[in-house]
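Report on one structure; see the data block that follows.
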Amino acid sequence: MVKTSEDNVVPINHLGKTLKSVSFDGIVNEDIVKEIQNGYYKGDRELAIEQLKKVLNKGMSKTNDIYAYYFERVANDTKMTPDKWTINEVLQSKEIIQMFYNRTLRNEKMYPDTTKVLPNFRTAIRLGGKGICRKPTQFPIKVMRELLDDYTKPGDLYYDPCCGWGMRMLVSAEKGVKYTGNDVNMDLVGKLNEFGQDINTIKDFKYAIIPQGSEIYLPHLENKVDFIFTSPPYFNLEQYGGEQLTKKLDYAEWLRNFIVPLLQNCKKYIKGDKYILINIKDITGYPIYTDTKKLGIALGLELVQERDLKQTNRTHMVTKHGDSSEKIMVFKKGNN
């Protein structure tokens, strides 16, 4: 077991930021670091395709191989605002890798098998990454199935203003719903298109990934969309790889230049009797859910329901008051 006293702590400097931890004393095991760096990403296309078949044809819910092959590397360019680095940035630092590995040696109860180097390393990030790095969350596949069952039928067009890591797109294919989504992360756009192409080897699926922000109006969608649902980026919480509008704006500007045009466009796209759903949450310092709801109503949308978001465990959404609950606001077009 590794034991390091406060006196033996060696600061880690990486990409202009500094970390001090009692789990790092300056000694790096090059073999362990290399094992973690070389083994962290093991996405397997054959496994991903087999899992896709099970989801699309049998209604299975496991998506770990799908995520690992198509989206994990891109998703790990995401940084939560309280954290110093992304996971991909951490994987560039031998010292931070060693620090996380040392943590697995300091807790025999949590990590009884020290030979499981990579699984233990992943667990150490998951349990103790706050302030250092964390992986982004995926939207729950079961919830997405419920929403499409409640609001769509096969052949409908679903518009997703912010694509995310492919789960909403996947369930659309499973349900026979056409999918159009926006995203500004060009690396993610490439993986989503690869994902869609592979889905089409299993099941006919009409989709379009539009490589621009959802605040930009798309005239070909006006009065054409049967269902809209998204979980947009949370201001000042998630910083994604690629160009990101929220990096350049303060909160008031973000509402005015992103949320307002997004809602305005959704109102133009949706058919008269159909629904617009938004999943977002008030977080410490930013009443995002409250303000988005007010803006939607002010723009003439009719709030018809607020649904609880079940089956989710998105720890970085917890506020300082310990509230991890989330809701989905359900709008209709309204008469204005």
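Could you list, in sequence order, the residues of region 120-138 that are open to solvent by 20 Å² or more (accessible area, probe 1.4 Å) and either part of a loop (DSSP other than H, G, I, E, B) or more than 15 Å from Val33 (Cα to Cα) (or both)?
Thr123, Arg126, Leu127, Gly128, Lys130, Gly131, Arg134, Lys135, Thr137, Gln138
Residues of region 162-200 being assigned to a helix (DSSP H, G or I), open to solvent by 20 Å² or more (accessible area, probe 1.4 Å) and within 20 Å of Asn279 (Cβ to Cβ), which ones?
Matches in region 162-200: Glu174, Lys175.
Residues that are among the hydroxyl-bearing types (Ser, Thr, Tyr), in contact with a strand residue (DSSP E or B) (Cβ under 8 Å, 6 or more places away or on another chain) and either assigned to a loop (DSSP other than H, G, I, E, B) or over 17 Å from Trp165 (Cα atoms) (or both): does region 14-27 have at least one?
So far as region 14-27 goes, yes, one or more of its residues are among the hydroxyl-bearing types (Ser, Thr, Tyr), in contact with a strand residue (DSSP E or B) (Cβ under 8 Å, 6 or more places away or on another chain) and either assigned to a loop (DSSP other than H, G, I, E, B) or over 17 Å from Trp165 (Cα atoms) (or both).
In region 144-161, is there at least one residue being touching a Ser or Thr at 6+ places or on another chain (Cβ under 8 Å) and in a loop (DSSP other than H, G, I, E, B)?
For region 144-161, residues touching a Ser or Thr at 6+ places or on another chain (Cβ under 8 Å) and in a loop (DSSP other than H, G, I, E, B): present.
So which residues in region 203-214 are open to solvent by 40 Å² or more (accessible area, probe 1.4 Å) and either out of contact with any strand residue (DSSP E or B) (no Cβ under 9 Å at 6 or more places or on another chain) or under 24 Å from Gly59 (Cβ atoms) (or both), if there are any at all?
Answer for region 203-214, where residues must be open to solvent by 40 Å² or more (accessible area, probe 1.4 Å) and either out of contact with any strand residue (DSSP E or B) (no Cβ under 9 Å at 6 or more places or on another chain) or under 24 Å from Gly59 (Cβ atoms) (or both): Lys203, Asp204, Lys206, Tyr207.
Hey, among the residues in region 48-91 that are within 17 Å of Met167 (Cβ to Cβ) and part of a loop (DSSP other than H, G, I, E, B), which one's modelled with the lowest pLDDT?
Among residues in region 48-91 that are within 17 Å of Met167 (Cβ to Cβ) and part of a loop (DSSP other than H, G, I, E, B), the one modelled with the lowest pLDDT is Thr78.
Just for strands (runs of 3 or more DSSP E) wholly inside region 254-336: which have at least 1 residues that are within 14 Å of Pro161 (Cβ to Cβ), modelled with pLDDT under 95 and within 22 Å of the chain's Cα centre (by Cα)?
So the answer is 270-280.
Give me the pairs, please: first residue somewhere in region 138-167 and under 18 Å from Lys191 (Cβ atoms), second residue anywhere and charged (D, E, K, R) and open to solvent by less than 30 Å² (accessible area, probe 1.4 Å), beta-carbon distance under 7 Å, and either six or more positions apart or on two chains.
The qualifying pairs are Phe139/Arg168; Asp160/Arg168; Cys162/Asp183; Cys163/Asp183.
Please list, ordered by first then second residue, the pairs with beta carbon atoms under 9 Å, 6 or more apart or interchain, first in region 35-63 and more than 22 Å from Ser93 (Cβ to Cβ), second surrounded by fewer than 13 Cβ atoms within 10 Å (Cβ to Cβ) and of a type in the set (Val, Ile, Thr).
Ile49/Thr201; Leu52/Thr201
Considering only region 146-161, how many residues are under 18 Å from Lys267 (Cβ atoms) and surrounded by 20 or more Cβ atoms within 10 Å (Cβ to Cβ)?
Looking only at that region, the number is 5.
Can you name the residue in region 93-119 that is open to solvent by less than 20 Å² (accessible area, probe 1.4 Å) and not hydroxyl-bearing (Ser, Thr, Tyr) and, of all such residues, is farthest from the chain's Cα centre (by Cα)?
My answer is Asn102.
Among the residues that make up region 50-73, is at least one of them under 23 Å from Val10 (Cβ atoms), surrounded by 15 or more Cβ atoms within 10 Å (Cβ to Cβ) and small (Gly, Ala, Ser)?
There is no residue in region 50-73 that is under 23 Å from Val10 (Cβ atoms), surrounded by 15 or more Cβ atoms within 10 Å (Cβ to Cβ) and small (Gly, Ala, Ser).
In region 8-34, what residues are within 24 Å of Asp83 (Cβ to Cβ) and of a type in the set (D, E, K, R)?
Lys17, Lys20, Asp25
If you scan region 261-304, which residues turn out to be of a type in the set (Val, Ile, Thr), open to solvent by less than 30 Å² (accessible area, probe 1.4 Å) and out of contact with any Lys or Arg (no Cβ under 7 Å at 6 or more places or on another chain)?
If the condition is that a residue be of a type in the set (Val, Ile, Thr), open to solvent by less than 30 Å² (accessible area, probe 1.4 Å) and out of contact with any Lys or Arg (no Cβ under 7 Å at 6 or more places or on another chain), then Ile276, Ile278, Ile280, Ile283, Thr292 are the ones that fit.
The values are calculated or read from the model by the stated rules, or taken from the named source; none is laboratory data. All values derive from a computational prediction rather than experimental measurement. A quick note on method: Cβ atoms are made from the backbone with ideal geometry, for glycine too, and the neighbour counts reach across all protein chains shown. These area figures cover heavy atoms from the full protein model, side chains too; ligands, DNA and RNA do not enter into them. Shrake-Rupley method; radii C 1.70, N 1.55, O 1.52, S 1.80 Å.
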